[in-house]
1. Only one residue in Ser64, Ser2, Ser28 is among the small types (Gly, Ala, Ser) and modelled with pLDDT under 95, so which one is that?
2. Please list, ordered by residue number, the helices (runs of 4 or more DSSP H) wholly in the range 1-65 having 1 or more residues that are under 17 Å from Lys75 (Cβ atoms) and not aromatic (Phe, Trp, Tyr).
3. For residues in the range 67-81 being outside any strand (DSSP E or B) and more than 19 Å from Arg19 (Cβ to Cβ), which is modelled with the lowest pLDDT?
Amino acid sequence: MSIDNDELSFNKALLDRVRGIRAAKGWSAEEMAMALGIPAERYRKYEKRSPIPHYLIPRLALISGRSAEWILTGKETRASGKVRRGQE
């Protein structure tokens, strides 16, 4: 089974946003793992190789102050319906 370029690009961008959220808070991987309620080694893989699972997205959104939409896409829709790019 092969993964297409769109999926690879999406996964890389998601890993980058997850890493960026932690870096913006100035937290270590261990601190972020603790806040998410998961082992540190599992969290580290969400920054390096595996997309964060859907059930952790709402918790990450609360921790980061970013929307789940931004975490997943890098974009947020304003109330007016216009899309703006987040700081990546």
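The values are calculated or read from the model by the stated rules, or taken from the named source; none is laboratory data. Source: prediction; values computed, not measured. Ideal geometry is used to build each Cβ from the backbone, glycine not excepted, and the neighbour counts take in all protein chains shown.
1. The match here is Ser2.
2. On the way: elements: 5-25, 29-36, 40-48, 57-64.
So the answer is 5-25, 57-64.
3. Filtering the range 67-81 for residues outside any strand (DSSP E or B) gives 67-74, 78-81.
Filter again for more than 19 Å from Arg19 (Cβ to Cβ), leaving 78-81.
Values: Arg78: 72, Ala79: 60, Ser80: 51, Gly81: 55.
My answer is Ser80.
One line per residue, one yes/no per condition, for (1) within 12 Å of the chain's Cα centre (by Cα); (2) among the aliphatic types (A, V, I, L, M):
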residue: Asp16; (1), (2): yes, no
residue: Gly20; (1), (2): yes, no
residue: Glu31; (1), (2): no, no
residue: Met34; (1), (2): no, yes
residue: Glu41; (1), (2): no, no
residue: His54; (1), (2): yes, no
residue: Arg59; (1), (2): yes, no
